[in-house]
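Peer 1: Encoded as structure tokens, here's the structure I'll be asking about.
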Amino acid sequence: MHVNHRQLSVTLQPLKLIVSIAAGIWLGCLAVGLTGWLIYKTLPAEQSQALGNAASQLTSPPAAKAKPESDNPMFDQYRQILRDSEARQAQEAEQAERQRSFNGPKCQFWMQQNQTAPSEKSRAAIYQFCG
């Protein structure tokens, strides 16, 4: 039994492929838009008004609140505690940085140099490396 196989020759034309894909995407977007528009038109007036209001709220910038910040004393107290905490953390970080630079090898070297042979150069290096 002998089966005769045929070969199918396909030639790819990139321009036709690109145009076909672009047309398909464009037509798909058009179909989605038309479907949405038809659904919007078939909704009752109350629902379409609600959708219109929601869309306008999304597109318009939010109005600034007219409330002053000092309406809630607990919130003010929280903000003050937060500011104090941030200031304390910044001070602790600065102190830790100074301590780290003071314990660094360059600082220790120039401190020793200044103890054995004080000079303007050693004092400047201490100021530079030890803070």
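Peer 1: Can you name the residue in the range 40-52 that is surrounded by 10 or more Cβ atoms within 10 Å (Cβ to Cβ) and not aromatic (Phe, Trp, Tyr) and is also modelled with the lowest pLDDT among such residues? Give the derivation first.
Peer 2: Here is the first cut: in the range 40-52, the residues surrounded by 10 or more Cβ atoms within 10 Å (Cβ to Cβ) are 40, 43, 47-52.
If we keep only those that are not aromatic (Phe, Trp, Tyr) as well, we get 43, 47-52.
Working: LEU43: 75, GLN47: 71, SER48: 67, GLN49: 75, ALA50: 76, LEU51: 72, GLY52: 77.
Filtering first and then ranking leaves SER48.
Peer 1: So which residues in the range 65-123 are loosely packed, with under 11 Cβ neighbours inside 10 Å, of a type in the set (Asp, Glu) and modelled with pLDDT of 85 or more, if there are any at all?
Peer 2: ASP84, GLU86, GLU92, GLU120
The values are calculated or read from the model by the stated rules, or taken from the named source; none is laboratory data. What you see is a predicted model, and the numbers here were worked out from it, not measured in a lab. A quick note on method: Cβ atoms are made from the backbone with ideal geometry, for glycine too, and the neighbour counts reach across all protein chains shown.
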